[in-house]
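Read through the structure below, which is laid out as structure tokens, and then see the notes.
Nothing in this text is a laboratory measurement; each read-out follows from the coordinates by a stated rule. Predicted model, so just to flag it, every value in this text is computed and none were measured.
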């Protein structure tokens, strides 16, 4: 392999190792302006998209320890990687596809586990990680709030009885 291709392959290996996930999308027919818009939206979600040459990406994936990709790398493909959660990046790609009918999600990997396109779309439908954390915190806080209310109820009732007696002048 030529030195330029080795450098590019090493760059892909570095991206794959730095990201807990990657999504492979077919961007056939997507013009430059919409592709640039997709890049901007992905940056806001903590991800980035790069056009890859299939043969070089296949080699990089093998070097990164990812399962054999075989014939899944066909056509004009781009790879979405990121440092944050996969659902945010998948949501951006899915919404972009709904808007422009491109790119098409082919497959993905999460922690070296393969994901089909349907799995990626399911992840896109999940709430963001921050929303899930807030919901979990709400569930954990609810019993404590109820306990505090139960503990405070007798004291507040006694205070109301005393205030009512004081108001009557007794």
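Hydrodynamic analysis of the chain uses the Kirkwood radius over alpha carbon pairs. Inserted into Stokes-Einstein at 20 °C and 1.002 mPa s, it gives a translational diffusion coefficient of 112 µm²/s. Each principal axis of the Cα atoms in the stretch 18-76 has its own extent, and those three values, largest first, are 32, 26, 13 angstrom. For the stretch 89-160, the average shadow cast by the Cα convex hull is 7.9 nm², which is a quarter of the hull's surface. The tail of the calculated P(r) for the stretch 127-170 beyond 12 Å holds 70 percent of all Cα-Cα pairs. Please build a GNM for the chain, connecting alpha carbons under 10 Å apart, and tell me which residue among 140, 38, 30 fluctuates the most. Sorting by GNM fluctuation, first place goes to 140.
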